[in-house]
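All remarks here apply to the structure that follows.
Every number in this text was worked out from the coordinates using simple rules, so none of it is lab data. Owing to the predicted nature of the structure, the values given are computational and were not obtained by experimental measurement. Positions of Cβ are backbone-derived with ideal geometry, glycine not excepted, and every protein chain shown enters the neighbour counts.
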Amino acid sequence: MKAFPSIRGTAALALLLCCLATSALSAEISKPVSPFEVTFKDPDNYTDWKLSDSADWYRESVFTAVHSFLAKQAKSMLPVGYSLEITFTDMDFGHRASRRVATPGVPAFDFTYQVADPSGTVVRHGTEHLRFYTDFGNYRFSVETTDLTTEIIQGAKPMLKAWAVTALADLKQS
């Protein structure tokens with residue numbers, strides 16, 4: 001019996017889709033666990049009105065930039081096998097009007113964090129309220145400025161890097 005060309009094409013397409021789905025599932029299973037995780041809790045209530053009321057694409061670009069920048073800091077400061085989890089509860093980028101408090105023009109962040117060693121034991125944790133950092137001195141110039149993926153948070157980088165150096169840098173020495 002002779003098969004119709006459209007049936008052969010449909011069968012070939014179904015086989016191709018099946019193969020792609022199988023390879024996608026196997027790729028998902030073998031993805032390594034990230035040593036850095038960040039959560040943005042209840043972003044609709046963040047102090048920064050533009051961030052909390054903005055379109056999803058803008059919010060995601062800011063969150064991606066914050067995640068990318070902090071992941072880079074964590075990678076350089078954490079010992080091999082250690083992991084860092086950060087949960088942001090408030091953000092204010094300070095260079096625009098915020099909805100609840102008058103800002104002096106500097107960023108502010110509220111978050112909790114925990115660092116775990118390779119066995120999963122929490123070795124450091126805390127709650128941070130980074131606010132009113134007005135004296136960066138020359139530190140602002142030590143933060144890279146050519147990373148286009150984090151350009152959207154350029155003014156917040158010195159504060160976040162200062163926190164990372166203060167909270168994480170000594171872990172590699174211990």
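Contour minus end-to-end for Asp170 and Thr64, with contour as 0.36 nm per residue of separation and end-to-end as the Cα-Cα distance?
35.5 nm
Applying a 10 Å radius around every beta-carbon, put 68-78, 120-130, 35-45 in order of their mean neighbour count, most first.
Going from most to least packed, we get 68-78, 35-45, 120-130.
For the pair Asp117/Lys75, report the inter-label distance in nm, with labels modelled 7 Å from Cα in the Cβ direction.
2.5
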